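Working notes, beginning with the structure itself.
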Amino acid sequence: MRRMVVLGLLFLVLLSGGCSQRANTYFEKKLTFPNILTSDQKIKLAAYVVPTQQQYEWQQLELTAFIHFGMNTFTGQEWGNGTEDPALFDPTDFNAEQWVIALQQAGFKMIILTAKHHDGFCLWPTQTTPHSVAASPWRNGEGDVVKEVREACEKHDMKFGIYLSPWDRNAVSYGDSPRYNNLYTNQLTELLTWYGKIDEVWFDGANGEGSNGRVQEYDWIRFYNVIDSLQPWAVKAIMGNDIRWVGNEQGLGRETEWSVTPLHPDINESFKSENGRLRISPTADDLGSRELIREAKTLYWYPSEVDVSIRPGWFYHPEEDDQVKSLQELVDIYFQSVGMNAGLLLNVPPDTRGRIHETDAERLRQLGDYLSSLFRKELVVDGDIIWKARSGASREYLMNEGEAINTVMLREDIQKGQRVESFRVEGWIDEAWTTLTEGTTIGYKRLLRFGDVTPSKLRVTIQETRDIAHISKVGAYYAPQPKNDQQNFRPREKPSEK
Ligand code: FUL
């Protein structure tokens with residue numbers, strides 16, 4: 001009976017159009033509610049919104065590296081004004097493979113390169129402007145950073161994405177909206193046709209005035225269409241409609257992070273009016289509560305990405321060599337992003353040689369070692385068996401005898417939707433159940449830390465769920481305190497000859 005009600009509802013929704021259907025019961029990426037639904041029916045249907053295959057694959061990557069490299073690397077700036085002389089771009093020992101190897105060893109699965117930042121200098125020999133590597137002395141003007149990074153990624157089986165800043169302080173057409181949109185479309189087209197597979201396009205939202213004093217109006221929908229036609233497997237992030245910005249650049253995810261949200265992802269007219277009506281933006285605390293869903297007309301699968309730099313700036317500055325984030329900070333960022341149902345986009349900016357600096361490379365190695373040893377030893381017995389849990393359901397798991405734990409991992413099978421609204425984890429210690437941790441959303445992955453305990457059993461309770469939750473993983477681990485590395489790593493000096 002229950003199932004029939006759901007199917008009946010789904011049928012009504014399908015009749016209303018505005019959603020794409022998969023396997024009869026799920027709504028990929030978007031669900032538009034017919035206006036006859038009650039609040040409870042809307043909450044129930046929210047449980048059936050699922051990612052597209054591209055979004056699902058993106059979520060599984062967990063770790064993506066941002067590479068801010070370009071004119072600013074050589075001028076010491078964060079935002080160039082576009083008048084920089086291309087002759088300044090001259091890496092002395094450019095080595096994209098060194099980036100890929102350092103990042104891959106740390107567990108990163110994709111690299112996103114700033115093919116053009118706000119200063120407009122293009123890292124590939126574009127035909128759209130002379131302001132590019134072709135006008136630089138690097139490789140006698142024959143170089144192509146995008147190509148070399150793409151090839152290094154290809155060689156090491158690393159995914160590759162691009163950042164192409166819409167804000168361009170060099171382009172004379174900027175501010176003359178149709179003309180600049182043509183130029184931007186041509187740049188996108190070059191990048192999406194000259195370099196093989198592109199896995200992500202990352203759109204920054206920065207917007208300025210052109211020399212004519214007018215604010216540039218970007219044609220986002222046209223940009224989306226270019227990507228969808230040339231690289232249909234690429235995900236579009238931030239000002240794009242597949243991946244959402246978490247809302248800060250400090251590496252902080254939300255305690256309650258819903259991938260199913262009424263936040264409108266397409267930058268068009270209804271983006272302004274719907275998000276305005278619901279009073280939400282990517283920085284809002286609440287993007288998916290029951291209260292919001294009751295008010296919503298449409299829901300989207302629009303998961304969160306946490307972007308943060310390993311250094312204070314996005315670009316490399318030698319004076320920040322001693323401010324590379326510590327292992328402890330990076331581990332905390334990992335728990336606050338990947339461990340809070342988001343992807344992590346960690347920026348690691350190469351230096352003026354065109355290499356990842358020794359300090360950053362060492363910190364990446366430490367992070368990779370830490371994470372792989374943390375998750376190598378699974379201390380829950382049979383935590384990988386799918387558990388279909390209703391609200392209030394509990395399940396006990398045996399632990400490896402006598403092993404201390406201080407971390408648990410919970411996961412939902414998001415291909416069946418994100419559903420859990422609150423949960424509790426207890427440990428059987430000294431003949432009694434003790435609460436170890438509790439939380440709200442789970443989603444793709446939730447990691448929680450607590451003090452060291454040695455329970456013989458764990459009990460997980462799904463207190464509230466929007467429909468039957470598909471718990472695909474219950475894990476427990478022992479996370480050692482990252483060793484104090486505040487003393488930044490420096491390359492070993494040659495022993496002095498005596
Ligand atoms: C921002 C830019 O203005 C920064 O320079 C950086 O690229 C960051 C990732 O996005 O909006």
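Bear in mind that the values in this text are calculations on the coordinates, not laboratory data. Everything quoted here is computed from the prediction, not taken from an experiment. Here Cβ is always computed from backbone atoms with ideal geometry, including for glycine, and neighbour counts include all displayed protein chains.
Before moving on, here are some points about what is shown:
- Only helices enter this figure: runs of n ≥ 4 DSSP H residues, each worth -39500 (n - 2.57), summed and divided by the residues of the chain, yield -8000 deg cm²/dmol at 222 nm to the nearest 500.
- Compactness of segment 268-377, taken as the C-alpha radius of gyration over 2.2 N^0.38 Å, stands at 1.43.
- Between Gln53 and Ala432, full extension at 0.36 nm per residue minus the direct alpha carbon distance yields a gain of 132.1 nm.
- Separation of segment 399-442 from segment 78-111 is 41 Å, based on Cα centroids.
- Between Asn182 and Arg390, the simple label model (points 7 Å from Cα in the Cβ direction) yields a spacing of 6.4 nm.
- Here's the list of lysines a cross-link from Lys44 could span, going by alpha-carbon distance under 21 Å and ignoring same-chain residues fewer than 8 apart: Lys29, Lys30, Lys297, Lys388, Lys416.
- Counting beta carbons within 10 Å around each of Asp168, Asp90 and listing the fewest first gives the order Asp90, Asp168.
- For segment 25-72 and segment 461-485, distance of Cα centres in Å: 21
- Length available on full extension from Val381 to Thr189: 0.36 nm per residue minus the Cα-Cα distance, which gives 64.1 nm.
- When the listed pairs Lys116/Lys155; Lys159/Lys445; Lys116/Lys325; Lys42/Lys116; Lys155/Lys325; Lys159/Lys457 are checked against a 32 Å cut-off, the alpha-carbon distance exceeds it for Lys42/Lys116; Lys159/Lys457.
- The chain: Rg to Rh, with Rh as the Kirkwood radius over Cα pairs: 1.00
- The local environment of Asp168, defined by Cβ-Cβ distances under 15 Å, has a net charge of -4 under the rule Lys, Arg +1 and Asp, Glu -1.
- Helical segments meeting 18 Å axial Cα length and Kyte-Doolittle 0.0 threshold in the chain (DSSP H): 2-16
- Residues with amide H under 5 Å from that of Gly343, placed H, sequence gap 5 or more: Ser304, Glu305, Val306
- Burial order of peptide ranges 64-70, 140-146, 26-32 (average beta-carbon count within 10 Å, highest first): 64-70, 26-32, 140-146
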